[in-house]
1. Across the range 223-237, which residue is modelled with the lowest pLDDT among those that are open to solvent by 50 Å² or more (accessible area, probe 1.4 Å), within 15 Å of residue 64 (Cα to Cα) and not hydrophobic (A, V, I, L, M, F, W, C)?
2. Could you list all residues from the range 1-26 that are farther than 25 Å from residue 234 by Cα and at pLDDT 85 or above?
3. What are the residues in the range 22-33 that are within 18 Å of the chain's Cα centre (by Cα) and of a type outside the set (S, T, N, Q), if any?
4. Any chance the range 104-112 includes a residue that's touching a Gly at 6+ places or on another chain (Cβ under 9 Å), within 23 Å of residue 64 (Cα to Cα) and not basic (Lys, Arg)?
5. For residue 177, which of the numbered conditions (1) over 28 Å from residue 52 (Cβ atoms); (2) touching a residue at least 24 places away in the same chain (Cβ under 8 Å); (3) surrounded by fewer than 18 Cβ atoms within 10 Å (Cβ to Cβ); (4) touching a helix residue (DSSP H, G or I) at 6+ places or on another chain (Cβ under 9 Å) fails to hold?
6. So, of the residues in the range 127-156 that are open to solvent by less than 10 Å² (accessible area, probe 1.4 Å) and at pLDDT below 95, which turns out to be farthest from the chain's Cα centre (by Cα)?
7. Which pairs turn up if I take residues in the range 186-202 that are within 15 Å of residue 24 (Cα to Cα) and look for partners that are in a loop (DSSP other than H, G, I, E, B) and open to solvent by 30 Å² or more (accessible area, probe 1.4 Å) with beta carbon separation below 6 Å, at least 6 apart in sequence or on another chain?
Amino acid sequence: MFNIATVQKPADQALSQDGLSLLYPADLTATLKLPMPGWPGDWNALSDSWNHLPPDAHLKDGGHYRKRRHACFIQDMPSGAIEQTPHRAHWQPTDYNALHGGFERWFDPVEPAVANAPAWTALLAAFGKLFAQVQPVPRWYIEAHQFRIDTAGGVGRPTPEGAHRDGVNFVVVMLVARQGVKGGETRVFDAHGPHGVRFVMQQPLTTLLLDDTRVIHETTAILPADDHQAESGFRNTLVLTYRSAGFQAP
């Protein structure tokens, strides 16, 4: 059984024992041993890019509440060196995503100024090194998704597919910004039992790490915090997936 007390454990220990780790902003830099002076200031300079995400054209529920960009990287271990791949489609089998699985989804790429920024590459590399402590691998195949879920239409759904796994080894969900919304409860449950935890990510840089083979996750819908904020309410996240067996493809 796991509970929210897992945040008090070192991240690698929590992932090994519980299948998840929740890092608050103050813990993130120390956990990842980020090498950049001025962190998180350098990262915060990139957060404006979430204001320029194009619409997700593949939502099958008819909604217009999601904007996103996507990019792929390969990280060699144990060096930790990371390299961006040519732009490619995002694909998931229907076993993991019954709503949007089974077909190639092409999204606009992460902007070069973001994907090549030292703060971005150091962050992705640091997560990969952490996960390799839990599960040693020769390389990670990383997919990065910039998401904005908004409430302009009254409701926004961070996970329209419901509780799910992603078909990877590890998942990162980092809150980038949250404005003028209520709801958005993150729920993580044992994939093989009834136990789980629920919480709301409020502070930017709050980060959830998941062993995707052991847990399922979802985030509930967001609503405007009040009637006057419907057009301006949003929740921005960075979602990263790390897979050892190559990128998922048809």
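1. Looking at the filtered set, the residue picked out is 231.
2. Of the range 1-26, the ones farther than 25 Å from residue 234 by Cα are 1-20.
Matches in the range 1-26: 9, 10, 11, 12, 13, 14, 15, 16, 17, 18, 19, 20.
3. In the first step, residues of the range 22-33 are kept if they are within 18 Å of the chain's Cα centre (by Cα); the result is 22-25, 27-29, 31-32.
Within the range 22-33, 22, 23, 24, 25, 27, 28, 32 meet the criteria.
4. Taking the range 104-112 first, the residues touching a Gly at 6+ places or on another chain (Cβ under 9 Å) are none.
No, because not a single residue in the range 104-112 is touching a Gly at 6+ places or on another chain (Cβ under 9 Å), within 23 Å of residue 64 (Cα to Cα) and not basic (Lys, Arg).
5. Failed condition: (1).
6. 151
7. none
To keep it simple, each residue is scored yes or no on (1) more than 24 Å from residue 53 (Cα to Cα); (2) touching a strand residue (DSSP E or B) at 6+ places or on another chain (Cβ under 9 Å); (3) open to solvent by less than 60 Å² (accessible area, probe 1.4 Å).
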site	(1), (2), (3)
194	yes, no, no
201	no, yes, yes
221	no, yes, yes
239	no, yes, yes
244	yes, yes, yes
247	no, yes, yes
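The values are calculated or read from the model by the stated rules, or taken from the named source; none is laboratory data. Source: prediction; values computed, not measured. FYI the Cβ positions are ideal-geometry reconstructions off the backbone, even for glycines, and counts take in every protein chain you see. The accessibility values were calculated without ligands, DNA or RNA, using every heavy atom of the protein model including side chains. Shrake-Rupley method; radii C 1.70, N 1.55, O 1.52, S 1.80 Å.
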